[in-house]
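**Q** To start, I am sharing the structure in question, which I have written as C-alpha cells.
The values are calculated or read from the model by the stated rules, or taken from the named source; none is laboratory data. On a predicted model such as this, the values are computed, not experimentally measured, just so you know. Virtual Cβ from ideal backbone geometry, glycine too; neighbours counted across all protein chains shown. For accessibility, only protein heavy atoms count, side chains too; no ligands or nucleic acids. Shrake-Rupley method; radii C 1.70, N 1.55, O 1.52, S 1.80 Å.
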Amino acid sequence: MAPMTTVRPYRPDDRAALYDICVRTAHEGGDSRHIYPDLDLMPSIFAAPYAELEPDLTFVLDDGERAVGYVLGTADTAAFVGNYRREWLPRMRERFPALDGPPTTPSESMIDLMYRPERMIVPELADYPAHLHIDLLPDHQRRGHGRELMLTFLDALHRKGVPAVHLGMVTANTAARAFYDRLGFHEIEVPDAGPLTYLGRKTA
C-alpha cells in the first residue's frame, strides 16, 4: 500500500525539502535552476524566512518520505517586514552581499528584492494583513493537495483572529490563477504592480 500523503506542521528537518520545492517551482510555477544557479537564493527570499520567523504558519505536504509541497506566510505583513529586516537580513549579508549598483542579472534582481522587504507593504492590501506562498512539486499538483494545504493555512489564520489574506502571483502563471479562483480569491487592484497580480480573500 502506498504511503498516505498528509498535511502537517513544518519541522526543522524539512529544511532541505523546503528549499528543493521552492527552487523547482520558483519560475512561474516551474523549475528555476536554469535562471538562478545558486540554489539557496530563491528559498532565502520566499520560503526560509517564513519557516524561521513564523514556523507556526508553515505547513508541508508529506508523501510518507519527505515534504513535497508547502504553504507558509505571515499573519501580519508589516510586522513580518520589520522582523525580516532585523532578524533575517543580517544572516544573509555574507551569503548574498547587497549590490553596489543596479541589478544586471536575474539573480541580482532577486538579491535586490531581498534587501527591499518594505516592497511587501502595499497600501491597497491593508485590509488583507496576512500573506502567503504555496508551492507543490509537479507530480503532486492537481490532486487536491493544494486545496488541503490552503485550507489548513486559512484555518490557522482564522484561529489567530486574522480577517483576510493576500498573495502576489506572477500574472503569466495562468494555472495558478485558476487554482486561486477556485478557492475563492479575488483580484485586488494595485497600481503599477508590474508582472504581479494581487489576490485576496477572507480567512473564514
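**Q** For segment 1-10, name all the residues that are free of Cβ contacts under 8 Å to residues at least 60 places away in the same chain and surrounded by 14 or more Cβ atoms within 10 Å (Cβ to Cβ).
**A** Keep residues of segment 1-10 that are free of Cβ contacts under 8 Å to residues at least 60 places away in the same chain, which gives 1, 6, 8-9.
Scanning segment 1-10 gives no hits.
**Q** Let me ask something else. Yes or no: P37 open to solvent by 40 Å² or more (accessible area, probe 1.4 Å), under 26 Å from R86 (Cβ atoms) and touching a helix residue (DSSP H, G or I) at 6+ places or on another chain (Cβ under 9 Å)? Before you say what the answer is, go through the steps one by one.
**A** On the way: open to solvent by 40 Å² or more (accessible area, probe 1.4 Å): yes; under 26 Å from R86 (Cβ atoms): no; touching a helix residue (DSSP H, G or I) at 6+ places or on another chain (Cβ under 9 Å): yes.
No.
**Q** Right, next: All but one of (1) in contact (Cβ under 8 Å) with a residue 12 or more places away in the chain; (2) in contact with a Lys or Arg (Cβ under 8 Å, 6 or more places away or on another chain) hold for R33; which doesn't?
**A** Result: R33 passes all but (1).
**Q** Also, I was wondering about something else. Considering only residues that are of a type outside the set (S, T, N, Q) and surrounded by 14 or more Cβ atoms within 10 Å (Cβ to Cβ), look in segment 83-105 and name the one that is farthest from R33 (Cα to Cα).
**A** Residues of segment 83-105 that are of a type outside the set (S, T, N, Q), as a first pass: 84-103.
Narrowing the set further to residues that are surrounded by 14 or more Cβ atoms within 10 Å (Cβ to Cβ) leaves 84-85, 88-89, 92, 96, 99.
Working: Y84: 25, R85: 26, W88: 23, L89: 23, M92: 20, F96: 17, L99: 21 Å.
Ranking the qualifying residues of segment 83-105, first place goes to R85.
**Q** Scan segment 145-160 and report the pairs whose first residue is in contact (Cβ under 8 Å) with a residue 24 or more places away in the chain and hydrophobic (A, V, I, L, M, F, W, C) and whose second residue is in a helix (DSSP H, G or I) and crowded, with 20+ Cβ neighbours inside 10 Å, with Cβ atoms within less than 8 Å and a gap of 6+ or a chain change.
**A** Partner pairs satisfying both residue conditions: F153/L57; A156/L57; L157/L57.
**Q** Also, I was wondering about something else. Which of the residues spanning segment 50-63 are surrounded by 15 or more Cβ atoms within 10 Å (Cβ to Cβ) and part of a helix (DSSP H, G or I)? I'd like the intermediate steps shown before the answer.
**A** Here is the first cut: in segment 50-63, the ones surrounded by 15 or more Cβ atoms within 10 Å (Cβ to Cβ) are 50-54, 57-63.
Y50, A51, E52, L53, L57 - these are the residues of segment 50-63 that are surrounded by 15 or more Cβ atoms within 10 Å (Cβ to Cβ) and part of a helix (DSSP H, G or I).
**Q** For segment 14-31, which residues satisfy the criterion of being over 14 Å from E52 (Cβ atoms), at pLDDT 95 or above and open to solvent by 50 Å² or more (accessible area, probe 1.4 Å)? I'd like the intermediate steps shown before the answer.
**A** Here is the first cut: in segment 14-31, the residues over 14 Å from E52 (Cβ atoms) are 16-17, 20-21, 23-31.
Filter once more, so that each one left must be at pLDDT 95 or above: 16-17, 20-21, 23.
Within segment 14-31, A16 is the sole residue that qualifies.
**Q** Using beta carbons and a limit of 6 Å, which pairs, at least six apart or on different chains, have the first residue in segment 54-67 and within 11 Å of T5 (Cβ to Cβ) and the second one among the charged types (D, E, K, R) and in a strand (DSSP E or B)?
**A** Going by the 6 Å Cβ cut-off, the qualifying pairs are D62/R8.
**Q** Looking for something polar (S, T, N, Q) and either closer than 18 Å to F96 by Cα or in contact with a Cys (Cβ under 9 Å, 6 or more places away or on another chain) (or both) - is there at least one such residue anywhere in segment 9-27? Outline the logic, then answer.
**A** So the first thing to find is which residues in segment 9-27 are polar (S, T, N, Q), and the list is 25.
Now restrict to residues that are either closer than 18 Å to F96 by Cα or in contact with a Cys (Cβ under 9 Å, 6 or more places away or on another chain) (or both): none.
Among the residues of segment 9-27, not one is polar (S, T, N, Q) and either closer than 18 Å to F96 by Cα or in contact with a Cys (Cβ under 9 Å, 6 or more places away or on another chain) (or both), which makes the answer no.
**Q** A further question on this structure: Among the numbered criteria (1) of a type outside the set (A, V, I, L, M, F, W, C); (2) surrounded by fewer than 16 Cβ atoms within 10 Å (Cβ to Cβ); (3) outside any loop (DSSP other than H, G, I, E, B), which one does E148 miss?
**A** Every listed condition holds for E148 apart from (2).
**Q** How do the pairs read when you match residues in segment 172-199 that are touching a residue at least 40 places away in the same chain (Cβ under 8 Å) and among the small types (G, A, S) with residues anywhere that are open to solvent by less than 80 Å² (accessible area, probe 1.4 Å) and not in a strand (DSSP E or B), using Cβ under 9 Å and keeping only pairs 6 or more apart or on different chains?
**A** From segment 172-199, the pairs are A175/G29; A175/Q141; A176/G29.
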